[in-house]
């Protein structure tokens, strides 16, 4: 959680509010040793932060479900 002073909050209020809305992470304001918190009311779906990476898998993704490792790994443990 990010902590800011009232002066930092005043200087960057729109940016900080947008950050809270976009990330869902609260911001804490430290005023004279006492703390206040700005938190979003709605919970954010964390899966929305995932970035699509279509080039990570080369080939057919369905082939990954049928990989057999029996011949690649020696499972004879002492």
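We did not get these values from a lab; they are worked out from the coordinates using the rules stated. Keep in mind that what you see is a predicted model, and the values were worked out from it rather than measured. Cβ sites come from the backbone with ideal geometry, for glycine too, and all protein chains shown count toward neighbours.
Observations
- Distance from the C-alpha centroid of the stretch 57-78 to that of the stretch 20-36: 47 Å, rounded to the whole angstrom.
- A helix-only calculation puts the chain at -8000 deg cm²/dmol for mean residue ellipticity at 222 nm, using -39500 (n - 2.57) for each DSSP H run of at least four residues, averaged over all residues.
- The listed peptides 56-62, 11-17, ordered by packing as a protection proxy, come out as 11-17, 56-62 (highest mean of other Cβ atoms within 10 Å first).
- 0 to 90° range, to nearest 10: angle between helix 6-23 axis and the chain longest Cα axis: 30 degrees
- In percent, rounded to a whole number, the relative contact order of the stretch 21-78 is 21, using alpha-carbon pairs under 8 Å and six or more apart.
- Computed over the stretch 17-78, Cα set: Rg, Dmax in Å: 23.0, 65
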